[in-house]
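Read the structure below first, then the notes.
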Amino acid sequence: MPAVETALRAQGYDMVLHITEESADVENAVIAGMLEAEPAGAIVIPVQGDASGWTDAGELPFPVVAVAREIPGRDGDFVAMDQHAAMYAATRHALAQGARSLYFFDEDIDTMTNRIRVESFESAVRAVPEASGHVVPMPTRRFENRTSPWQLEEAYRAVSALLESDAAPDAMLFEDDYHAVGALRALAERGVRVPDDVLVIGYSDHPYTAYLQPSLTTVDVPFDLIAEAAVSLLLRRIAGDRTPPLRRLIPGELVVRESSVRQIVDPTPTM
């Protein structure tokens, strides 16, 4: 959000921030207020679900750019990271390091982003016949006010339960670095060595990840580039650009560190 606000202020616009906390009712109230206020434009991360206030709003009197998730039922401008390519690369890296029993710990919420990551993980695993992939849902905290959706203890509990079962994972992938930190604690308490016994891969490349022991392999999400692209597109629309809707996917980067490296060369199919 700071990158969005900075870019807008440079062009003489003020930013008003609304947080929906994944609530359709809150989103609908925000949309109603915007239709009355008629802002110059909007950058939105839409709530997912069967009913969408954006769809019901009909023709909008201001331009809208969706970020991270497309607006259900509306053909419009969209900017996001290429989640499929990023998750595929992370999974393929684990496979190349010799992992054959892979577990993806995913936040238990039905969003476009989560669906793409799960599908990409499963696709990469299927490309290696002897590999098996498992998706472990973890409770979301997106519906709780002032609470981070990524709770370390949820991953700690999930990984602890998995290690107490008959499962024999040799790679664990997470949809956020915070969850990976909870996993590292659970693994260390049980004497499971990373990366010797199990590989661990996070997502987002938070600043602390390079300073963990071992340092965490993760996907670097280009937040600033996404924000700049969304603002640039919105400003074009405000200026009168009426070309067909644009859909832009920005590449992420797999940052390989100690938590996933065994120096095993194992060729896997390309995408």
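The values are calculated or read from the model by the stated rules, or taken from the named source; none is laboratory data. Nothing here was measured: the structure is a model prediction, and the numbers come from that model. For neighbour counting, all protein chains shown are included, and Cβ atoms are generated from backbone atoms with ideal geometry for every residue, glycine included. For accessibility, only protein heavy atoms count, side chains too; no ligands or nucleic acids. Shrake-Rupley method; radii C 1.70, N 1.55, O 1.52, S 1.80 Å.
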Seminar exercise, completed: To the nearest Å², the heavy-atom accessible area per residue of the chain with 1.4 Å probe amounts to 50
For this session: For the chain, set up a Gaussian network in which alpha carbons nearer than 10 Å are linked by springs, and say which option among LEU102, LEU235, LEU17 fluctuates the most.
Result: LEU17
For this session: Could you let me know the centre-to-centre spacing of the range 221-247 and the range 80-104, using Cα atoms, in angstrom?
Result: 29
Exercise. Normalised by the number of residues in the chain, what is the relative contact order in percent for Cα pairs under 8 Å and 6+ residues apart?
Worked result: 23
Problem set entry | Share of carbon and sulfur in the accessible heavy-atom surface of the range 1-67 [1.4 Å probe, %] | 52
Problem set entry | Listed residues VAL47, PRO61, TYR208: farthest to the positive end of the dipole of the chain (Cβ charges) | TYR208
Problem set entry | FRET efficiency, 1/(1 + (r/R0)^6) with R0 51 Å, evaluated for SER232 and ALA168 via beta carbons | 0.60
Problem set entry | Percent carbon-and-sulfur accessible area, the range 111-259, ignoring ligands, DNA and RNA, probe 1.4 Å | 53
